[in-house]
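Structure first, then comments.
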Amino acid sequence: MSKGMLFCETPSGVSPASASAHGEHPVVEVRLEDGFNDWTVLVDDEAPRTLATSSAPVQVLARGLSAGAHDLLLVRRTEPYFGEAVFRGFVLADGERLMPPPPPEARRVEFIGDSITAGFADEGGPQSRATEDGFSAFGPVAARALHAGWHVEAVSGIGVYRNLGDTLPP
């Protein structure tokens, strides 16, 4: 296997981080240094599915794709509290290449916030890998409804004025 396009090699400390690919491949895998986070995987217009990472260095994102071009989006669902995740790139079969990405959205929006922005327990229940979903938090949902690109900077408990557990100033 050869490495496909390398998007980043830096740790992801915010939620949700994402990577995307556009290509004609029957199988798409990703090289992650991660065993603690969950990711949302979207292929074309299919329903999103969850990838629960393991300690394996390569994770299968899609298999048995039909002939033709496909769009793939990988979005980290969980916050930094679950551990660092390092995206090393998509893995393609020898000789395969990614296609140029589609043009970016004309509109872009950035969301800065705390737990509600990060998707803290938005799937119900106590905080866990299974109940966090940054992709389904209000920011990314609103941006998709507006056909806009989005970026989120959010960590539960971290505020602009004060943090969770801080005492109020006198």
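Name the pairs: first residue in region 140-162 and among the aliphatic types (A, V, I, L, M), second residue assigned to a loop (DSSP other than H, G, I, E, B) and open to solvent by 70 Å² or more (accessible area, probe 1.4 Å), Cβ to Cβ under 6 Å, at least 6 apart or on different chains?
148/105
Specify which of the listed residues (114, 166, 122) is free of Cβ contacts under 8 Å to residues at least 40 places away in the same chain and surrounded by 16 or more Cβ atoms within 10 Å (Cβ to Cβ).
122
As an exercise: evaluate residue 105 against (1) closer than 30 Å to residue 128 by Cβ; (2) open to solvent by 70 Å² or more (accessible area, probe 1.4 Å); (3) touching a residue at least 24 places away in the same chain (Cβ under 8 Å) and give the number of the one condition it does not meet.
Answer for residue 105: the failing condition is (1).
I'd like to check something: does region 88-97 contain any residue that is buried (at least 16 other Cβ atoms within 10 Å of the Cβ), on the phi < 0 side of the Ramachandran plot, within 14 Å of the chain's Cα centre (by Cα) and at pLDDT below 90?
Yes, region 88-97 contains a residue that is buried (at least 16 other Cβ atoms within 10 Å of the Cβ), on the phi < 0 side of the Ramachandran plot, within 14 Å of the chain's Cα centre (by Cα) and at pLDDT below 90.
Identify, please: which residue in region 134-170 is modelled with pLDDT of 90 or more and part of a loop (DSSP other than H, G, I, E, B) and is, among those, nearest to residue 75 (Cα to Cα)?
This residue is 137.
Within region 85-103, identify whether any single residue is closer than 18 Å to residue 158 by Cα and among the acidic types (Asp, Glu), and answer yes or no.
no
So how many residues does region 108-133 have that are closer than 14 Å to residue 157 by Cα, part of a strand (DSSP E or B) and aliphatic (A, V, I, L, M)?
Number of matching residues: 1.
Could you give every pair whose Cβ atoms fall below 9 Å, whose first residue belongs to region 52-65 and is outside any strand (DSSP E or B), and whose second residue is of a type in the set (Phe, Trp, Tyr), counting only separations of at least 6 or pairs across chains?
Final answer for the pair search is 53/36; 53/39.
The values are calculated or read from the model by the stated rules, or taken from the named source; none is laboratory data. Being a predicted model, the structure only gives us computed values, none of them experimental. When we count neighbours, we look across all protein chains shown, and the Cβ atoms used for this are built from the backbone with ideal geometry, even at glycine. What goes into the accessible areas is simple: the full protein's heavy atoms, side chains included, and nothing from ligands, DNA or RNA. Shrake-Rupley method; radii C 1.70, N 1.55, O 1.52, S 1.80 Å.
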